[in-house]
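The values are calculated or read from the model by the stated rules, or taken from the named source; none is laboratory data. Treat the numbers as computed from the prediction; the structure is a model and nothing was measured. Cβ sites come from the backbone with ideal geometry, for glycine too, and all protein chains shown count toward neighbours. We work out accessible area using only protein heavy atoms, side chains counted, and drop any ligands, DNA or RNA first. Shrake-Rupley method; radii C 1.70, N 1.55, O 1.52, S 1.80 Å.
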Amino acid sequence: MNFSRAAGSIAAIWLFALSCGSAGLRGQETTDSTDGSTWAAVGGAALGAYSGTVLGALGSLIPCTRTYEGPACVRPAAIGGGIIGGLGGATIGAIDASLIGNSFVAGVIGASVGGAALLAVQPFLERWSWGDVGAGAVIGGAVAASGPGAAIGFGAGAIVGVATWQLIPSVKLPDALAVTLFGLAAGGIGGWVWRAIDAKENERGSAGAQPAVLGFSIRTN
Amino acid sequence: MRERKHILTLLALAVALSGCAAGHEMDVRAPVGACASTPEAQVAWARPESEGEQSKLDDWCSAAGEPVVLHASTTEAGPEAVGGTSRGGGPALTGESILFDARFEADVAPVDSLVVATWNVEVGTGDLVRLLADRLGYVCSTASENHAASRVPFVLLVQEAYRASHDIPEIPDGVALPSRIGKPAEHGERADIVEIAAACNLSLFYAPSMRNGAEDDGQTPEDRGNAILASVPLTDLAAIELPLETQRRVAVAAIAHPPGRDPIRVVSFHLDVAANLLRVLTTGNSTRLRQGLGLANALDELDAANGQLVSVIGGDVNSWSEKETVIRHLSEQFPDSPEPTSEGTRGSYPTDHMFVRTFEGSNVSVADNSYRVIPETYGSDHRGKLLTLRFESD
């Protein structure tokens, strides 16, 4: 893959993210705030697939460089993440459009933070391009859209990674980084699954919480 | 039903994008002309086939000098300059062929072994002279001492060698430059690879990868790259521009001629540390694998006409682990390689490695337990590695 193709891929992912986000918002506008819709499900699938794909790639990068397959090992992780995230997002959107709308807003904020972070570190990098800012935004958006699962996974991964790095001599800093990124990815992709299950349970719960109605009639003389 | 169709379409798009993001491709051909080709010095060139990459590589090359070739003299008169640059980055060209000649076929006693070492000298801060004496038994003072000393012939594969010369061209407008590396050396002056080779009467093939940053007023222009320094003659020189990932990297290849023995292909290379974030994300972090496979492909093409050759390649892989993908692939391509070791060569990281390929009937093998890390940095930020090739009697 050459640089122009890489830039094209990033642009495609961005268009993908924007379209899925607008779809999510449209879903919000055209339905009751707590109801799902076709558009919300489609937007949710798109947002979840984008988020899961990027997280899958990110989490597998370092572990895969220790295998014979290398980049070929990243591909199934990215595809798997995309499918799981897509199914989770579709499920959420079909049940509750507002949840997908919230994820989209979080993704936009995350993308802004990710892009700004790459812009801020420019003076410290030997080679830098606007494509890197775009890549930072893509990662930031994917992480933020996945909800709190990514943060929980990141924290757990960092604790485990740093602890093993400090306690086991053969574990080095890149290993700690690998565990942290894996935790971030697993937490983020798991977040899509967890939120889909949660939405399903809420749906069932709200249906089951309808007050019992006793049939009776009042007879008047 | 429509909802499901939308979802499936978007999922298919996601899958297609993720596949694209993780892909990588390799395409190398050899030899072709390059911006720094030196026909007088008969250096073959190999580079990526992609025109886009060639154009970027030419930009990098335009700020660096041309390769330098020195051939160790068989007399005490010092090294004989047989190749260099019309821009004068090294000694003046003599126009003499450096291809295999009768001098190497002289009736000499065959040697039992050849030591091959690899070392990143951190742009001259590594004390080459001391390492030559301590680890290779080569006292670098006068030619007579060199020849008087009984020693095993050696080849030293050098990374981050540097050359200072006023003949290195002006920096063209708009060309991106790497940062200058030039911390003071503990042993005194940083060691210019051309000066060392000349002073020590060693064969040298040096091909710069890039300019060593922009110089301040009064500083001599410098470039840096890979080199082969040897106590034996070097022929069939080739510069291999690796697939461009972050910085231009030129591996140098030569055929070394241990006295009385079949020639050995030797290669010094240096892979990128990492690509930028965009590149990492869209290629699945294939930077070093792509460069390593490009090097292997180029060597196969270069040596297709040479028949079977025992090959030893060594360099700075910039690996975090001895299990990295590129190391696994190079070990497969060079199946007689010693087991990659986890022992650190740059701090605790096993960044430097050597790979070996022999063939049936070659009578050459890596001597048992000879592959090891040199237990001192000699002022560099890397420790070297070495192995001994053992020649079996016919």
field: Residues along segment B:267-287 losing 30 Å² or more of accessible surface when the other protein chains are present rather than the chain by itself (probe 1.4 Å)
entry: B:Asn276, B:Leu277, B:Leu278, B:Arg279, B:Leu281, B:Thr282, B:Gly284, B:Asn285
task: Count charges around A:Trp165 for me, please; just the other residues with Cβ under 11 Å from its Cβ, Lys/Arg as +1, Asp/Glu as -1.
output: 0
- line: Beyond 21 Å, the calculated P(r) of segment A:66-173 holds a percent of Cα-Cα pairs equal to 57 percent
field: Candidate lysines for bridging to B:Lys56, where Cα separation is under 29 Å - those fewer than 8 sequence places away on the same chain excluded
entry: B:Lys183
field: Anchor A:Lys172: lysines whose Cα lies under 21 Å away (excluding residues fewer than 8 positions away in-chain)
entry: B:Lys323
- prompt: For A:Arg204 and A:Ile168 in one chain, what is 0.36 nm times their gap in residues minus the Cα-Cα distance, to one decimal in nm?
  reply: 8.2 nm
- prompt: Is there a simple number for the mean count of other chain Cβ atoms within 10 Å of the Cβ of residues in B:348-360, and what is it?
  reply: 1
query: Does segment B:325-390 classify as rounded, prolate or oblate by the C-alpha gyration tensor (a ≥ b ≥ c root eigenvalues; a/c under 1.5 gives rounded; else a/b over b/c gives prolate, otherwise oblate)?
result: oblate
- prompt: What figure in square angstrom, to the nearest 10, would you give for the accessible area of B:Ile171 with a 1.4 Å probe?
  reply: 60 Å²
- prompt: Using a 1.4 Å probe on protein heavy atoms only, how many Å² of accessible area do B and A hide from each other, summed over both chains and rounded to 100?
  reply: 4400 Å²
- prompt: Accessible area, 1.4 Å probe, largest first: how do B:Val317, A:Val143 sort?
  reply: A:Val143, B:Val317
- prompt: With r defined as the distance between the Cβ atoms of B:Arg390 and A:Tyr68 and R0 fixed at 25 Å, what FRET efficiency is calculated, to the nearest 0.05?
  reply: 0.25
task: Excluding B:Phe269 itself, calculate the net charge of residues whose Cβ lies under 10 Å from the Cβ of B:Phe269, where each Lys or Arg counts +1 and each Asp or Glu counts -1.
output: 0
